[in-house]
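Just below is one structure, and these are the notes that go with it.
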Amino acid sequence: MQFTDEHKALASNVKNFAQNEIKPFVEDWEKNGHFPAHDLFKKMGNLDFLGITKSTEYGGLGLDYSYGMVFAEALGYAADLGVITAIGVQTDMATPALDRFGSDELKKEFLTPSILGDLVSAIAVSEPGAGSDVASIKTTAQKTGDDYVIDGQKMWITNAKQADYFCTLVNTGDGNVHKNKSLVIIPSDTKGLSVGDKIEKLGQLTSDTAPVYFDNVKVPQRYRIGEEGDGFKMQMEQFQEERIFLSAINLALLDECVAETISYCKDRTAFGRKIIENQSIHFKLAELQTEIEATRALIYRACEEFVNGNDLTNLASMAKLKSGRLIRDVSDACLQLYGGMGFTWENQASKIYRDGRLTSIGGGADEIMLRIICKYMGII
Amino acid sequence: MMKIAVLIKQVPGSESPLSIADSNVWLDEEKVAYIMNESDNYALEEALLLKEGTQDCEVVVVSLGPERVKKIIREGLAKGADRGMHLNINSNDVTDPLSIAKIFADALKSENFDLILSGLQSDDLGHGQTGIIIGELLKMSTGSLAVSTKLDGDQIAIKQEMEAGFFQNVRMSLPASITIQSGLNTPRYPSLKGIMGAKKKEIKTLDIDSSDQKLKISKLYLPSSSNEITMIDGSPDQIVENLVKVFKSEIKI
């Protein structure tokens, strides 16, 4: 992938922003159990960070996804996957289908303010009984006059406590489970919508995650994105950006983790010498950096397919699978090199060990990625 | 139209590896991560704020150095400067403030700037004189260590930082060359629209002959350190007495 001066300037700008406007506050935000989404998103909206690939008519920059990926990678310098993932929800999970298929009216009402950072969005797909198996969701939308009446429950919803609207996958009909769904925008202040208690998670503590309940929730049918019945297809498309984003955010984060571990090993003495001098340790660190670079190359290649307008499902699935495995391997290996310190909360390796575990689960678990890859290989 | 020049320098970043080149007169450029000099960044922000508060105002970012300095010129353009000037010089040989100021004065003279802002000093060489000498060479009013600026017709009012916590309010007529203290504003991040728009803005390149220089660095080296330890033994009173002697005569506190 060829990066222009503008790509490099964007990367350097986002890195500075992440290091100065996010990283210093992460410890407090973890203690609070959430980050101030409206404040942070407004700052990012002012710098055009939230509409990089979105249509120019609605306030976006209209750039290709290589810029979105550079943005995602540089966000890694914030050193907190909770905030970074929440930003990704706004840019690459809850809004791509709205941008591609939403009506002019719907985009003006929801997309433009999201790009400006005035509205916080959430994507509501998973349910207690259907996560990876998206087609089995149970939430329904019944037509009544010009409205939909929505009943059901969504689970694991990032930004749930602070979101102004939910891009929600619902069943708008019966029959074929791949053709009976629609994506509907549901404002969070709609009567009958309630957000449950924050879920206590293993990691990503800066991000508020909660269930969302719909009890007789009435929204106008014009809040539907695109044609009725196209929701599953649109969501599958929307997953591709999500997967590149979720893969790319681990790269700079892991570069930093390895660099910090090297510093620690150069400083730490055991058995009369710096532990970095042990071949088992410096070779291990070289292996880890090589794995990061190999994964980076795969992610860049998946992105290139996307930019060239090709089907990226196979490569995006491989990228997310590999990135999820990578973050587990690298954080675990670095944590081990920290020894007792690794088991405390005072280093990046243990934080990434907690936060990074989600990459192999969210946005389609590793097993789903493998299933997709198998299908592309013609195995099943 | 009000014309403001901002002089920006590219310097090694505070987190950059700093290894000395084989020539022993400068850093190994290949390994250095360069950034915009900190106080120049504040000067740029001050210029952009003045532009926003003034009708019909142009901000020009000017940098002296090799090709690589275009990066910070583009950064300035992305933040909102209208055009750039690159004073292209092949090497880092010119290091004395008088030679540097003469180069700038020659390049800027025909532009007739109303105001020249620069950071109070560079983070690498730290002479802190360039902006003031330029003002003198171009027969402008000069001010240094400004912690606030306010344009008022054909004058500018600045608050200058003095020693021992004192400040001085000064009003001077334009044109003026003023050096800016860090911390007087909050430098903005460039927006992505700014970054994408910067490539359409003009960067004028002037090739500079660096042969006329008065001062050269003869050697650059790290301070030597030693691990010498002196143990002071005796009773507490003797230890204190000897320690005070060491402080007075050897360390010279």
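The values are calculated or read from the model by the stated rules, or taken from the named source; none is laboratory data. In this text the structure is predicted, and so the values were computed from the model without any measurement. Cβ placement follows ideal geometry from the backbone for every residue including glycine, while neighbour counts extend to all protein chains displayed. Heavy atoms of the whole protein, side chains included, go into the accessibility calculation; ligands, DNA and RNA do not. Shrake-Rupley method; radii C 1.70, N 1.55, O 1.52, S 1.80 Å.
Set side by side, the residues B:Ser210, B:Ser173 differ, and just one is open to solvent by 40 Å² or more (accessible area, probe 1.4 Å) and either more than 14 Å from every other protein chain (Cβ to nearest Cβ) or farther than 30 Å from B:Ser110 by Cβ (or both), which is B:Ser173.
Against the definition (exposed (fewer than 10 other Cβ atoms within 10 Å of the Cβ), in contact (Cβ under 8 Å) with a residue 24 or more places away in the chain and not hydrophobic (A, V, I, L, M, F, W, C)), how does B:Ser249 come out, yes or no? Taking the combined requirement at face value, the residue does not satisfy it. Just one of the listed residues (B:Gln181, B:Gln168) is open to solvent by 40 Å² or more (accessible area, probe 1.4 Å) and either in contact with a helix residue (DSSP H, G or I) (Cβ under 8 Å, 6 or more places away or on another chain) or away from every other protein chain (no Cβ under 14 Å) (or both), and it is B:Gln168.
Strands (runs of 3 or more DSSP E) fully within region B:39-139 that include at least 1 residues being more than 15 Å from the chain's Cα centre (by Cα) and within 14 Å of another protein chain (Cβ to nearest Cβ): B:83-88. On the basis of being of a type in the set (D, E, K, R), in contact with a helix residue (DSSP H, G or I) (Cβ under 7 Å, 6 or more places away or on another chain) and either touching a residue at least 24 places away in the same chain (Cβ under 8 Å) or farther than 12 Å from A:Val217 by Cβ (or both), does A:Lys181 make the cut? Taking the combined requirement at face value, the residue satisfies it. Selection of helices (runs of 4 or more DSSP H) fully inside region A:271-380 by the criterion of at least 3 residues being open to solvent by 80 Å² or more (accessible area, probe 1.4 Å) and more than 16 Å from A:Val258 (Cβ to Cβ) returns A:366-377. B:Asn24 meets the conditions (1) on the phi > 0 side of the Ramachandran plot; (2) modelled with pLDDT of 95 or more in every case but one. The failed one is (2). With respect to (1) on the phi > 0 side of the Ramachandran plot; (2) touching a Cys at 6+ places or on another chain (Cβ under 7 Å), the lone exception for A:Gly59 is condition (2).
State yes or no: is A:Lys179 surrounded by fewer than 21 Cβ atoms within 10 Å (Cβ to Cβ) and not in a loop (DSSP other than H, G, I, E, B)? Against the criterion (surrounded by fewer than 21 Cβ atoms within 10 Å (Cβ to Cβ) and not in a loop (DSSP other than H, G, I, E, B)), A:Lys179 does not qualify. Using the structure shown, decide if B:Leu192 is modelled with pLDDT of 95 or more, within 14 Å of another protein chain (Cβ to nearest Cβ) and buried (at least 18 other Cβ atoms within 10 Å of the Cβ). When the stated conditions are applied, B:Leu192 passes them.
Taking A:Tyr148 as the residue in question, decide whether it is under 25 Å from the mean Cα position of the chain (by Cα) and of a type in the set (Phe, Trp, Tyr). No. Note on region A:167-176: residues that are in contact with a Phe, Trp or Tyr (Cβ under 9 Å, 6 or more places away or on another chain) and in a strand (DSSP E or B) amount to 4. Residue count for region B:213-235 satisfying the condition of being open to solvent by 100 Å² or more (accessible area, probe 1.4 Å) and either over 38 Å from the mean Cα position of the chain (by Cα) or of a type outside the set (Lys, Arg) (or both): 12. Listed by first and then second residue, the pairs linking a residue in region A:253-281 that is of a type in the set (Lys, Arg) to a residue that is open to solvent by 60 Å² or more (accessible area, probe 1.4 Å) and in a helix (DSSP H, G or I), with Cβ atoms under 8 Å apart and 6 or more places separating them unless they lie on different chains, are A:Lys274/A:Lys266; A:Lys274/A:Asp267. The residues listed here are A:Leu47, A:Leu40, A:Leu10, A:Leu75; of these, the one that is open to solvent by less than 50 Å² (accessible area, probe 1.4 Å) and free of Cβ contacts under 8 Å to residues at least 40 places away in the same chain is A:Leu47. From the residues in region A:78-118 that are surrounded by 24 or more Cβ atoms within 10 Å (Cβ to Cβ) and more than 20 Å from A:Gly62 (Cα to Cα), which one is nearest to the chain's Cα centre (by Cα)? Step by step, filter region A:78-118, then rank; the result is A:Thr85. Quick check, is A:Val149 touching a Phe, Trp or Tyr at 6+ places or on another chain (Cβ under 8 Å), outside the structural domain of A:Arg100 (by TED's automatic domain parsing) and closer than 20 Å to A:Glu227 by Cα? Here the answer is no, as A:Val149 does not meet what is asked. Which of the residues spanning region A:232-267 are within 30 Å of A:Gln279 (Cβ to Cβ) and of a type in the set (Lys, Arg)? The one that is within 30 Å of A:Gln279 (Cβ to Cβ) and of a type in the set (Lys, Arg): A:Lys266. When residues in region A:120-165 are screened for being part of a strand (DSSP E or B), open to solvent by 50 Å² or more (accessible area, probe 1.4 Å) and out of contact with any strand residue (DSSP E or B) (no Cβ under 7 Å at 6 or more places or on another chain), 2 of them pass. Those helices (runs of 4 or more DSSP H) of region A:10-113 in which at least 3 residues are within 14 Å of chain B (Cβ to nearest Cβ), considering only elements entirely within it, cover A:37-46, A:65-75.
Each residue in region A:185-206 was checked for being open to solvent by 40 Å² or more (accessible area, probe 1.4 Å) and assigned to a strand (DSSP E or B), and 2 of them qualify.
To keep it simple, each residue is scored yes or no on (1) basic (Lys, Arg); (2) in a strand (DSSP E or B); (3) within 14 Å of another protein chain (Cβ to nearest Cβ).
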position	(1), (2), (3)
B:Ala146	no, yes, no
B:Lys150	yes, yes, no
B:Lys219	yes, no, no
B:Thr230	no, no, no
B:Ile253	no, no, no
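Does A:Gly203 satisfy the condition of being without any contact (Cβ under 8 Å) to a residue 12 or more places away in the chain and either within 23 Å of A:Leu40 (Cβ to Cβ) or over 21 Å from the mean Cα position of the chain (by Cα) (or both)? Taking the combined requirement at face value, the residue does not satisfy it.
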